[in-house]
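Would you mind keeping the following structure in view while I ask a few things?
Nothing in this text is a laboratory measurement; each read-out follows from the coordinates by a stated rule. Given the structure is predicted, the values throughout are model-derived calculations rather than measurements. A quick note on method: Cβ atoms are made from the backbone with ideal geometry, for glycine too, and the neighbour counts reach across all protein chains shown.
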Amino acid sequence: MCGIVGATAKRQVSGILIEGLLRLEYRGYDSAGIATQEISTKSFNRIRVSGKVRDLVVALSEQPIRGTGGLAHTRWATHGAPIERNAHPHIANGRIALVHNGTIENFVSLRKELEDSGRQLDSQTDSEVVAQLVDLGIESGSTFLGAVQQTVARLEGAFALGLMCSTDPGTIIAVRKGCPLVVGLGTDEHFIASDVLALRSVTNQFIFLDEGDIAVMSSGSLQIFDEQGQPVERDSIRVSDQGESVDKGSYRHYLEKEIHDQPQAIRSTLEGRITEQHISEPGLGRCVSEIFDKTSAISIVGCGTSYYAAYVAKYWIEDMAQIPCSAEIASEFRYRNAAVLDGSLFLSLSQSGESADTIAALRLAEQRNYMHTMNIGNVPTSTLMRESATAIAMRAGVEVSVASTKSFTTMLVDLLLVALLLARRRGFPREREHEIVKALHILDEAVECALLLDDRIRQLAEEFLLTQHALFLGRGVHYPVALEGALKLKEISYMHAEGYPAGELKHGPLALVDADMPVVAVAPNNELLRKVQLNLQEVRARGGRLYVFTDEAADFDHQNDVVVIEVPKVHPALSPIVFTIPLQLLAYHVATLRGTDIDQPRNIAKSVTVE
Ligand code: F6R
């Protein structure tokens, strides 16, 4: 999703801006641009490209640009195609340079108003409208800040903005309203970025702007105004370096590395959170025990893969703790008048902590009757972590590839601990907790064994090469695992895949099944195995190609039309985690064979900061 970087300093800033953009690449984007300003000449130098930051670097090497202030951007197209003309920074009337993340919902009427007043817009974007309005404000006699404030007051939607003005050289104005934006503090220099990661090479001291804040900065000064336009002080936070390497090591792609990181990520997740036999409540964070004592219902909300983690947790929590648990897609929850049961905990799940829909769901939950809000997230400085009353910090480590892998499995581990703590309060037998904890102690090894299926699955992936569709089936807690398997395959290989509860097959999707339709079944040997087998017979009878992931191959006929892949056997409570691994490998190998952009699949983004 769009990435913003800005800098105002006493040194040249183009290198800082490009480094920032490279660090934001993981978010996903389709064009990039930079504009710098020299104090002496005041005017802007701009280069934009449709494509990657590396293309921008090439363009810059052919035509270097100078400036001690500047803005840079990676754009994930929403309004208008990903072409150079629509790339940011936008420059209005040679006077205002602007970068924008988010969406301006009333841009059609604002654009019409500008066009009716004789302004010609260069791009198809909603963003340029903002630059033009600020310029119009200055033309009518406002100061730079005044024009920004008047413009912001007219905008509907969620956005973060960075602006510079040719008549106020060296000043950057930053606006945060609904989309993340941080101010980085240097010595005689200030920075802005949509993510602290972008600025880690220049500072570790940050101010997280509040909703509605407008920050005005030059190299030597910084002033922040709140939503009402009043000057405010905001605390700065030192963000410690987690010392984590974000390079691919010997792997070809971040995705491959992150799939193989999972045993270690699981070990880190469990560290200090389980004793030999039990879960250690303090290990999950402050106040968690107190909240769980009062929890009698739970709503879990997330998007994409995080939503599927919520769905798995729903099965666990209702089964073990016997309390009502709903799992809901954040973009649905936020516009729904959901009934809130007494004692309900609102739990948001998010790797990035910046998904706009999940943030909106949290803000809605705060206005409703929820007993408490909690977040499970992987980025400690994220909006969701900061705005939730309580947070459980995931320990997946930095996840760079757009497609979530280790954040899904580690989120599941955290959710299993939550389920067990809730269950403990509802009379779940201590011996059963003990059995699961014992199994958790060796979960990393089971995941390592599942990763050994890599070669086998690489061969299998060839059978998916020429096909356009696949069906993923599961039942019970493995139904969301099937959904996640299908999501992974479609997002990185661009192959159409659907997840279905196996029992639903005969209510429609069976019509799709023929010899060209691979059907992937998640079928561990549990109480539903016989039922799944019956469902799979329905597929076989229609000539479908069956790929069965099971932990007891013995129960499946080794026939030509059934490929059986044996997954390590674990405690049933942990099998959703272990069964996820081969599905990730399958998606990875199919995508590699298809030659797609594995770490930054087309059209999608890591941090989805727009609605
Ligand atoms: C899929 C994927 C997305 C994210 C979703 C939510 O592989 O990565 O579906 O899971 O955009 O992101 P977070 O968890 O950051 O809120």
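Give me TYR307, TYR547 sorted ascending by neighbouring Cβ count inside 10 Å, so fewest comes first.
Numbers: TYR307 27, TYR547 20.
Result, fewest neighbours first: TYR547, TYR307.
Moving on. Work out, in µm²/s and without decimals, the Stokes-Einstein translational diffusion coefficient of region 288-363 at 20 °C, 1.002 mPa s, Rh from Kirkwood over C-alpha pairs. Display every interim value, and only then the final one.
Details: Rh = 12.5 Å.
D = 171 µm²/s.
Any idea which of SER350, VAL340, SER43 is furthest toward the positive side of the dipole for the chain, if Lys and Arg beta-carbons carry +1 and Asp and Glu beta-carbons -1?
SER43
R0 = 41 Å: FRET efficiency of ASP247 with ASP293, Cβ-based, nearest 0.05?
Details: r = 44 Å, r/R0 = 1.07.
The value I calculate is 0.40.
Between SER201 and GLU504, what is 0.36 nm times their sequence separation minus the Cα-Cα distance? Round to one decimal in nm. Kindly include the intermediate steps, with their values, before the conclusion.
Values: separation 303, 0.36 × 303 = 109.08 nm, distance 5.17 nm.
Full-extension gain reported as 103.9 nm.
In the chain, if the dipole is taken from +1 on Lys/Arg beta carbons and -1 on Asp/Glu beta carbons about the Cα centre, which of VAL301, ILE565, THR103 is farthest to the positive end?
Positive-most Cα among the choices belongs to THR103.
When LEU415, LEU161 are ordered from fewest to most other Cβ atoms inside 10 Å of their Cβ, what list results?
Working: LEU415 23, LEU161 29.
Least to most surrounded, the residues fall as LEU415, LEU161.
Return an integer: the convex hull volume of the alpha-carbon atoms of region 198-300, in Å³ per residue.
Values: hull volume 23.4 nm³, N = 103.
So the per-residue Cα hull volume is 227 Å³.
What is the spin-label model distance, in nm, from GLN230 to ASP319 if the labels are put 7 Å beyond Cα along the C-beta direction?
Going by the 7 Å Cα→Cβ label model, 5.3 nm.
I would also like to ask the following. About its Cα centre, how strong a charge dipole does the chain have in debye, to the nearest 20, once Lys and Arg get +1 and Asp and Glu get -1 at the Cβ?
Numbers: 58 positive and 77 negative charges, 67 e Å.
The calculated dipole for the chain is roughly 320 debye.
If you take every DSSP beta bridge whose two residues both sit in the chain, what share of them, in percent to the nearest 5, is antiparallel? Intermediate results must be reported in sequence, preceding the final value.
Values: 61 of 101 bridges.
So the antiparallel bridges amount to about 60 percent of the total.
Could you derive backbone 3J(HN,Hα) for region 500-514 from the dihedral phi with the Karplus parameters 6.51, -1.76 and 1.60 (θ = phi - 60°), listing whole Hz in sequence and x where the residue is Gly or Pro?
Each residue of region 500-514 in turn: 9, x, 3, x, 8, 3, 6, 8, x, x, 4, 4, 7, 7, 8 Hz.
Mind giving me the FRET efficiency for ARG430 and GLU566? R0 is 30 Å, r the Cβ-Cβ distance, nearest 0.05 is fine. Before the final figure, lay out the partial values.
On the way: r = 32 Å, r/R0 = 1.08.
Computed FRET efficiency for ARG430 and GLU566 comes out at 0.40.
What is the magnitude of the charge dipole of region 302-461 about its Cα centre, with +1 placed on the Cβ of each Lys and Arg, -1 on the Cβ of each Asp and Glu, and no other charges, expressed in debye to the nearest 20?
Working: 16 positive and 19 negative charges, 68 e Å.
For region 302-461, the charge dipole is close to 320 debye.
If r is the Cβ-Cβ distance from ASN603 to ARG386 and R0 is 25 Å, what FRET efficiency results, to the nearest 0.05? Spell out each step's value before the answer.
Working: r = 29 Å, r/R0 = 1.17.
FRET efficiency, ASN603 to ARG386: 0.30.
While we're on this one: Summing Lys, Arg as +1 and Asp, Glu as -1, what charge do residues with Cβ under 15 Å from the Cβ of PHE292 carry, PHE292 excluded?
After counting each charged neighbour, the total is +1.
Another question about this same structure. Check each of the trypsin sites (Lys or Arg not before Pro) in region 572-611 and keep only those in coil by DSSP with at most 13 other C-beta atoms within 10 angstrom; list them in order.
Details: sites: ARG594, ARG602, LYS606; in loops: ARG602, LYS606.
Answer by residue number: ARG602.
Treating cross-link reach as a plain straight distance, find the lysines whose alpha-carbon is under 16 Å from the alpha-carbon of LYS52, omitting any fewer than eight places away in the same chain.
Output for LYS52: LYS606.
Sticking with this one: Given the pairs LYS248/LYS314; LYS490/LYS569; LYS406/LYS531; LYS10/LYS406, which span a C-alpha to C-alpha distance of over 32 angstrom in this model?
Working: LYS248/LYS314 34 Å; LYS490/LYS569 27 Å; LYS406/LYS531 30 Å; LYS10/LYS406 41 Å.
Flagged as over cut-off: LYS248/LYS314; LYS10/LYS406.
Of all trypsin sites (Lys or Arg not before Pro) in region 1-30, which ones are in loop regions per DSSP and have a Cβ with at most 12 other Cβ atoms within 10 Å? Intermediate values should be presented prior to the final figure.
Working: sites: LYS10, ARG11, ARG23, ARG27; in loops: LYS10, ARG11.
Answer in residue order: ARG11.
Please list, in order, the residues from region 429-448 whose amide nitrogen is less than 20 Å from a point placed 7 Å along the Cα→Cβ vector of GLN264.
Answer for this model: 441-448.
Also: Based solely on its DSSP helices, what 222 nm [θ] is calculated for the chain when runs of n ≥ 4 H residues each add -39,500 (n - 2.57) and the sum is averaged over all residues, nearest 500 deg cm²/dmol?
Numbers: 19 runs with 209 residues, N = 611.
Helix-only estimate at 222 nm: -10500 deg cm²/dmol.
Taking just the alpha carbons, could you work out the radius of gyration and Dmax for region 452-611, both in angstroms?
Computed over the Cα atoms of region 452-611, radius of gyration and Dmax are 15.1, 48 Å.
Right, another one. Would you work out which of SER382, ALA158, ILE577 lies farthest towards the positive end of the dipole of the chain? Charges go on Cβ: Lys and Arg +1, Asp and Glu -1.
ALA158
Now, a different point. I want to verify the translational diffusion coefficient of region 1-135 in µm²/s; compute it with Stokes-Einstein, Rh as the Kirkwood radius over Cα pairs, at 20 °C and 1.002 mPa s.
Rounded, D is 144 µm²/s.
In Å, what Kirkwood hydrodynamic radius results for the chain from the alpha-carbon pair distances?
Answer for the chain: a Kirkwood hydrodynamic radius of 25.5 Å.
Could you give the nm distance between label points at THR143 and ASP116, where each point is 7 Å from its Cα heading toward the beta carbon?
In this crude label model, THR143 to ASP116 measures out at 3.1 nm.
Still on this model: With θ set to phi - 60° and the Karplus curve 6.51 cos²θ - 1.76 cosθ + 1.60, what are the ³J(HN,Hα) couplings of region 151-161 in order, to the nearest whole Hz, using x for Gly and Pro?
5, 4, 4, 9, 8, 10, x, 10, 7, 10, 10
Mind checking the dipole of region 9-127: about its Cα centre, +1 per Lys or Arg Cβ, -1 per Asp or Glu Cβ, Debye to the nearest 20? Walk me through the intermediate numbers first.
Details: 16 positive and 13 negative charges, 86 e Å.
Using Cβ point charges on Lys, Arg, Asp and Glu, region 9-127 gives about 420 debye.
Can you list the chymotrypsin sites (Phe, Trp or Tyr not before Pro) in region 193-276 that are in a DSSP coil and have 15 or fewer other beta carbons within 10 angstrom?
Numbers: sites: PHE206, PHE208, PHE225, TYR251, TYR254; in loops: TYR251.
Sparse-neighbourhood loop chymotrypsin sites (Phe, Trp or Tyr not before Pro): TYR251.
Quick one: order ARG395, ARG234 by neighbouring beta-carbon count within 10 Å, fewest to most. Intermediate results must be reported in sequence, preceding the final value.
Values: ARG395 21, ARG234 15.
Ordered by Cβ neighbours within 10 Å, fewest first: ARG234, ARG395.
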